[in-house]
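Every number here is computed from the coordinates shown, using simple stated rules; none is lab data. Keep in mind that what you see is a predicted model, and the values were worked out from it rather than measured. Neighbour counts are summed over all protein chains in view; Cβ atoms, including those assigned to glycine, are modelled from backbone coordinates with ideal geometry.
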Amino acid sequence: MRIILTGGAGYIGSHTAAVLVERGHEVIILDNFVNAERDVPARLKSLTGREITIIEADIRSTEAVTAALQAHRVDAVIHFAALKAVGESEADPLLYYDINIIGTIRLLQSMQAAGIGRIVFSSSATVYGQPDSSPILENAPTRVENIYGRTKLVMEDLIRDLARVGKLKAAANLRYFNPVGAHPSALIGETPRGVPNNLMPYVTQVATGERPYLNVFGKDYPTRDGTGERDYIHVMDLAVAHAMALEHICGNDVSVTVNLGTGHGTTVLELVKAFETVTGKTIPVSIAPRRAGDVASYYADPALAQRLFGWKATLNLEDMCRDSWRWQAKRAGINDV
Ligand code: NAD
Ligand code: UDP
């Protein structure tokens, strides 16, 4: 298939691009580079051996996007482009409504104008808010706890509505749990701007010496060791899931909403210990107060993805730590990996 990846130069999009090319699909990236490095296309080329067409455009530019979709006669869109920082969404709600919601509406309009009716969308486990229990099934209640989460739920609803009334032929809302890791080549990975909000990038920056210690947000949660529990998923597993979901919905013209997680919970201290074991680095920690809005524990029930399109995560916490470290160490010029 020929597929346009909005936000395809970003973290998850670039890994998905590499996997799609490997599976014989043709990939076109549409990105405005607001949160992507300029050299990602060149890195993807050295990874895949293929020239990937890059369209520098904003998803809100209906004219440019429609023209791109028509010119390349694409079969489907994978829609990654969005802003994703919870704190920023609370500080600047209109920015998030504009890029995420209006951006998605504009993209869907462009797709309709170009006659393209198949989409895979990047949703998030954040739509579950504080879940009643884990593992979480796709039919668990959705709860909006911040503006970023609201934009994801609205975007999901838009896509489900269009599919329900037949304006989209096929759609997949993919609810990611906690993506971490990098391509094993260390040619692509995650590059957070400024101080990382997320655990794994913070841990890797402590390991390089860029940050002195990790603040562990809360040690009084009702979990095994009192620290927050999450379902970390390797970005390569996530990338493969996009390809399999795409092939499934396009092959059968169906619409699905699916969790993408491993089904295993890992606490903050368990992740730190695994990272230390895999890398031989010491990660000093300091126990800090709980972070506002954090959930004690959540992890996916990922069985539906397996039932529908045969996907299951194959990489474990050690793989996630090793590949996160390889990427960060290379960026920091450390050669011990
Ligand atoms: P990312 O920021 O690395 O990638 C997003 C890409 O979209 C970037 O390359 C950015 O330049 C581009 N972009 C942003 N606004 C754009 C616009 N208006 N027009 C065109 N391009 C635009 O983020 P990511 O981690 O790869 O996340 C991809 C998607 O997955 C996002 O929708 C995000 O909300 C969702 N998601 C991410 C996580 C996570 O932890 N990384 C978890 C759940 C869901
Ligand atoms: N966390 C932490 N220190 C950090 C960053 C995160 O202790 O510097 C904890 C956080 O409280 C949560 C877990 O690590 O329990 C995962 O946090 P992250 O921000 O990566 O994911 P999210 O909370 O969005 O699921």
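In order along the stretch 179-193, the phi-based Karplus estimate (6.51 cos²θ - 1.76 cosθ + 1.60, θ = phi - 60°) of 3J(HN,Hα) comes to x, 9, x, 7, 4, x, 6, 6, 8, 9, x, 9, 10, x, 8 Hz; Gly and Pro are listed as x. Our coupling estimate for the stretch 209-226, obtained by passing each phi through the Karplus curve with A = 6.51, B = -1.76, C = 1.60 and θ = phi - 60°, is x, 5, 10, x, 7, 9, 7, 8, 7, x, 10, 10, 7, x, 10, 3, 10, x Hz, Gly and Pro reported as x. Each residue in LEU94, LEU238, LEU137, LEU304 was given a count of other beta-carbon atoms within 10 angstrom of its own, and listing them fewest first yields LEU94, LEU137, LEU304, LEU238. The phi-based Karplus calculation (6.51 cos²θ - 1.76 cosθ + 1.60; θ = phi - 60°) puts the 3J(HN,Hα) values of the stretch 254-263 at 10, 10, 9, 10, 9, 6, 10, x, 8, x Hz, whole numbers, x for Gly and Pro.
Ordered from longest to shortest, the equivalent ellipsoid semi-axes for the stretch 94-249 are 31, 20, 16 Å, each the square root of 5 times a Cα gyration tensor eigenvalue. Peptides 288-296, 122-130 ordered by packing proxy, namely the average of other Cβ atoms within 10 Å per residue, highest first: 122-130, 288-296. When the Cα positions of ALA170, ALA71, VAL278 are compared along the charge dipole of the chain, ALA71 comes out farthest toward the positive end, with charges on each C-beta of Lys, Arg, Asp and Glu.
Legend: residue pairs LYS273/LYS312; LYS84/LYS273; LYS84/LYS152, Cα-Cα distance threshold 21 Å; pairs beyond threshold, LYS273/LYS312; LYS84/LYS273. Computed on the chain, with alpha-carbon pairs under 8 angstrom and 6+ residues apart, the relative contact order is 19 percent.
The H on the amide N of SER255, modeled in the peptide plane, is under 5 Å from the matching H of ALA171, each at least 5 residues off or on a different chain.
Under a 5 Å amide H cut-off, with hydrogens placed 1.01 Å from N, GLU229 pairs with SER297, TYR298 among residues at least 5 apart or on other chains. A viscosity of 1.002 mPa s and a temperature of 20 °C, combined with the Kirkwood radius over Cα pairs in Stokes-Einstein, give a translational diffusion coefficient for the stretch 1-119 of 149 µm²/s. Between ARG331 and ARG50, the simple spin-label model (points 7 angstrom out along Cα→Cβ) gives 2.6 nm.
Here's how it looks for ILE188: its modeled amide H is under 5 Å from those of HIS183, which are all 5 or more places away or on a different chain.
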